[in-house]
1. Determine the sum of side-chain charges near residue 9: Lys and Arg each +1, Asp and Glu each -1, restricted to other residues whose C-beta is under 15 angstrom from that of residue 9.
2. Residue separation times 0.36 nm, minus the C-alpha to C-alpha distance between residue 116 and residue 40: what's the value?
3. When ranked by the protection proxy of mean other Cβ atoms within 10 Å per residue, highest first, what sequence do the peptides 110-123, 42-55 form?
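What follows is calculated from the coordinates using simple rules that are stated; it is not laboratory data. Since this is a predicted model, take the numbers as computed values, not measurements. Cβ sites come from the backbone with ideal geometry, for glycine too, and all protein chains shown count toward neighbours.
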Amino acid sequence: MANELRHFSSIEIYITKHEAWTIFRFFWPPIQIREESLTDDDIAFAQALFLEAIDASYKMGYVHILYDVFYGKIPGSFSDIGELIKKFAKKAAKHWFKHLGPKSLDDAEIYAAVRAQLAVNFKSAFTLRVQTGELIY
């Protein structure tokens with residue numbers, strides 16, 4: 001899982017301000033930023049987090065299969081994120097994903113372990129943005 005995220009230009013952004021806010025809420029549930037205050041840079045950051053989460057979760061899929069077979073189910077994600085994953089994965093350029101292929105777009109999901117790790121990895125960047133308005137990632 002990456003400690004650095006891809007940076008998107010404004011023409012590469014495929015999600016809305018509301019979807020970006022939903023993604024931030026998904027990673028940091030007690031969200032402390034208002035949807036109206038999100039900038040294009042914030043939206044690009046949310047999209048980069050989302051892209052990494054989908055890609056890392058797909059990569060982790062083999063581990064998931066073993067875990068399911070031997071130990072049980074890995075907890076799922078928020079219900080409103082499911083449709084957003086499908087919509088984004090279909091709209092995003094396929095070369096953005098390192099592991100997700102066209103056959104698996106409809107089955108894409110984000111694992112709780114991936115969400116938790118990305119939330120930890122980028123919490124300071126998000127906290128700094130909320131507190132100062134400056135986004136560095």
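1. Details: positive: 6; negative: 12, 40, 41, 42.
My count for the surroundings of residue 9 gives -3.
2. Details: separation 76, 0.36 × 76 = 27.36 nm, distance 2.43 nm.
My answer for the length gained is 24.9 nm.
3. On the way: 110-123: 17.8, 42-55: 23.8.
Per-residue Cβ counts within 10 Å, averaged per peptide and sorted highest first, yield 42-55, 110-123.
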